[in-house]
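The values are calculated or read from the model by the stated rules, or taken from the named source; none is laboratory data. Quick caveat: nothing in here was measured; it's all calculated off a predicted structure. Glycine gets a Cβ as well: all are built from the backbone with ideal geometry, and neighbour counts include every protein chain shown. For accessibility, only protein heavy atoms count, side chains too; no ligands or nucleic acids. Shrake-Rupley method; radii C 1.70, N 1.55, O 1.52, S 1.80 Å.
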Amino acid sequence: EIYATDSKFLPSIVEKIKTMDEVDDVVYAGDLVKRLARVSKFLDNLSFSMIVMALVACSLILFNTIRLTAYSHTNEINMMVRVGATSGYAIAPFVISGAILGGVSATIASVALSLSYLNLINMLKSFVPFFAFIDSSQFVVELSWKLILGGTFVSFLASFIAVCDFVHRANKRQ
């Protein structure tokens, strides 16, 4: 058996093997390989699109949640600015609250992902044995940390943007 590191090298490898005198027959399912490569590319694009949509949706939900919280505390923000609080001091409680909310949410999602990922991969291996799946627990741990840190950062950023408008309006009224 011969293995290739990339499917794009397969046609040239097959042609070289066919020209060898020692080889009687070459079994190569080129169409299947091309179709699987297209399916893989499609799934890569689909998963990237889904990640972007989920990121945007989560950001908008958190943005609106923090914005509603800031709106309900408009009087407190105005009072803090009137007594001399800096913009950063007025923004900080809302940004910290949003970052904690996003971090906790990302942690819950990471735990759920970690608990279900390896079981799902084992089940998929039995259904589709010719696909290679990543079944490393180290991969799951690294992905979980990236989710938690990314969720906290996106939440921090969305909270900051959501509350800045209220503080700037309070500064203008002063």
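Observations on the model:
- Flag for Lys18 being more than 36 Å from the chain's Cα centre (by Cα) and closer than 30 Å to Ala132 by Cα: yes
- The numbered conditions (1) without any contact (Cβ under 8 Å) to a residue 12 or more places away in the chain; (2) farther than 20 Å from Ala170 by Cα are all true for Ala85 except (2).
- Only one of Leu62, Leu55, Leu113, Leu118 that is aliphatic (A, V, I, L, M) and in contact with an Asp or Glu (Cβ under 8 Å, 6 or more places away or on another chain): Leu118
- Check on Phe166, surrounded by 12 or more Cβ atoms within 10 Å (Cβ to Cβ) and within 26 Å of the chain's Cα centre (by Cα): no
- Every test in (1) hydroxyl-bearing (Ser, Thr, Tyr); (2) closer than 30 Å to Ile161 by Cα; (3) without any contact (Cβ under 8 Å) to a residue 12 or more places away in the chain is passed by Tyr3 save one, and that test is (2).
- Residue match in the stretch 133-143 (condition: among the acidic types (Asp, Glu), farther than 18 Å from Asn64 by Cα, open to solvent by 60 Å² or more (accessible area, probe 1.4 Å) and modelled with pLDDT under 85): yes
Residues checked against (1) within 25 Å of Val163 (Cα to Cα); (2) over 22 Å from the mean Cα position of the chain (by Cα); (3) not aromatic (Phe, Trp, Tyr):
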{"position": "Ser12", "(1), (2), (3)": "no, yes, yes"}
{"position": "Asp25", "(1), (2), (3)": "no, yes, yes"}
{"position": "Phe42", "(1), (2), (3)": "no, no, no"}
{"position": "Ala57", "(1), (2), (3)": "yes, no, yes"}
{"position": "Val83", "(1), (2), (3)": "yes, yes, yes"}
{"position": "Phe94", "(1), (2), (3)": "yes, yes, no"}
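- Apart from one condition, Leu147 fits all of (1) of a type outside the set (Ser, Thr, Tyr); (2) open to solvent by 60 Å² or more (accessible area, probe 1.4 Å); (3) at pLDDT below 90; the exception is (3).
- Residue check, Ile51 open to solvent by 60 Å² or more (accessible area, probe 1.4 Å), in a helix (DSSP H, G or I), over 18 Å from Phe156 (Cα atoms) and out of contact with any His (no Cβ under 8 Å at 6 or more places or on another chain): yes
- Residue among Ser110, Ser116, Ser97, Ser105 that alone is out of contact with any strand residue (DSSP E or B) (no Cβ under 6 Å at 6 or more places or on another chain), over 15 Å from Val154 (Cβ atoms) and among the polar types (S, T, N, Q): Ser116
- Residue that is least open to solvent (accessible area, probe 1.4 Å), among those in the stretch 110-132 that are part of a helix (DSSP H, G or I) and over 28 Å from Leu149 (Cβ atoms): Lys125
- Selection count, the stretch 65-87, where residues are open to solvent by less than 30 Å² (accessible area, probe 1.4 Å) and outside any loop (DSSP other than H, G, I, E, B): 5
- Test: residue in the stretch 138-152 that is free of Cβ contacts under 8 Å to residues at least 24 places away in the same chain, of a type in the set (Ser, Thr, Tyr) and under 30 Å from Leu36 (Cα atoms): no
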